[in-house]
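Scroll down for the structure; my scribbles are underneath it.
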Amino acid sequence: MSGGYAERLTFRPPEMLGGKLGEAEKFDSDQVLRAQVSELAQWIRQSKRGVTVFTGAGISTACGIPDFRGPNGIWTLQSQGKPLPKVQIDFELAKPSLTHMALVALVKSEVVKHICSQNVDGLHLRSGVPPEKLSEVHGDCFVEKCHRCKKSYHRDFEMKTVGFKYTGRRCTTEGCRGRLKDFVLDWDDALPEDDLIKSERNARESDVALCLGTSLRIAPACNIPPLTKKHGGKLVIINLQKTPKDKQADMKIHGKSDIIMKLLMQHLSLSIPPFVRKDRLRYGHLCKLASKKRKLGTKVYQIKVFVTSIHGQELPIPWIESCSGTISTPSGECIHFTDFCTTFQCSDEGRFSVSWTIKVKPELNPPRNTITFEHSFTIDDQQSPPQSMEKQEELEVITSMHDVCAAVQEEGICKKEEED
């Protein structure tokens, strides 16, 4: 998880974090892994009530997001008085791991009926898991909710607070206008009731509870997966460290989730889709009459051209590195600008053309580093007598394509599997 997110949480001393921090990680042999994954695949194929998945910070370490309890985890280093681990990527730019994308395929194929996640990084939704198939029991850094009508708003920028604090924005539902709050739990906050109820119900009604990359130490979320076993199903734990639920597990696999999920998908004859990220922005113009020179009878227009977030003006667009463009006026003048918004005055009437150039942040590994698009409008006082004219449009672009299978280092079991 993100160092920035962890720093926002209320401080707790190590003895209150539950369990030992920085325990040694164990890796099962390739032979043991191969046998376990084969048996797990058989359990999944025989399942009649489906699989519920429970995920933790361990599935996001491959995305460049540090965990909490690992040898170099955030809480581990904090307890040792050492600097926090360097965050390799911001939440806003992180790409889902192979495990995330494998889960998308398992949900789509109706093998997995529900995912309960303790992660707040938003990567399950970004990967393509339908919201109705997901419970984020510790919240989501990209979601804010209306305190009045409970409507959720999923953003492309990260909330900078935790603990259900007001964000300064308001609900846009007609007749509501309630204040929005972040949707990230702090230590003493109760789990969201709807997500908790949904997760517990699905755990009770599944044949397999598959735990991926979680220490299973934070209550009450850690008590959800054992419900499957209590109701006749199997509990499977995939984690590099020991967990307090190991003795209850029907199977414990010590290994990296990406390696295990890649092999599991091979056993199930299911392909893992690449990650394709799509982002949107809003662009347009606003024109209004600035002044009228009475003697000459000429009019001066104030024209504003802009690129903004789809979530509202003045809000950040985290995937854009820079924005520039050119405005061509009816008289042939070219106005160059290097910002998301520019305002100028002009007495021309006729057709205006705007050309924008957007540079996508390189951390996304975009298929195109530069995106260009155009916009045109006409100022004609005879056809448009109102004092103000505005036009907005939306643009959707592919900002990242990522082959998660190629990104996984082919070591250990996966390499030997290909050689066999």
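Numbers below:
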| item | result |
| --- | --- |
| Average accessible area per residue (Å²) across the chain - probe 1.4 Å, nucleic acids and ligands excluded | 48 |
| Accessible area of segment 166-218 belonging to carbon and sulfur atoms, whole % at 1.4 Å probe | 40 |
| Burial ranking of peptide ranges 339-346, 64-71 (average Cβ count within 10 Å, highest at the top) | 64-71, 339-346 |
| For residue 135, distant residues with modelled amide H under 5 Å away | 115, 116, 117 |
| Reachable lysines, given that their alpha-carbon falls under 22 Å from the alpha-carbon of residue 160 and they are not under 8 places away in the same chain | 86, 95, 145, 150, 151, 181, 361 |
| Value of relative contact order over the chain, rounded to a whole percent, pairs C-alpha under 8 Å and six or more apart | 15 |
| Shape of segment 84-182, Cα gyration tensor, a/c cut at 1.5 | oblate |
| Using alpha-carbon coordinates, inclination of helix 30-46 to the longest axis of the chain, degrees | 80 |
| Residue-by-residue Karplus 3J(HN,Hα) for segment 313-324, coefficients 6.51, -1.76, 1.60, Hz, glycine and proline x | 5, 6, 9, x, 10, x, 8, 9, 8, 7, 9, 8 |
| For residue 253, residues with placed amide H under 5 Å, excluding near neighbours | 237, 238, 239 |
| Farthest toward positive dipole pole in the chain [+1 Lys/Arg, -1 Asp/Glu at C-beta], among 268, 298, 84 | 298 |
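The values are calculated or read from the model by the stated rules, or taken from the named source; none is laboratory data. Just so you know, these numbers come straight off a predicted model, no measurement behind them. Cβ coordinates were reconstructed from backbone atoms using ideal geometry, including for glycine residues, and neighbour counts include every protein chain displayed. Only protein heavy atoms, including side chains, enter the accessible area calculation; ligands, DNA and RNA are left aside. Shrake-Rupley method; radii C 1.70, N 1.55, O 1.52, S 1.80 Å.
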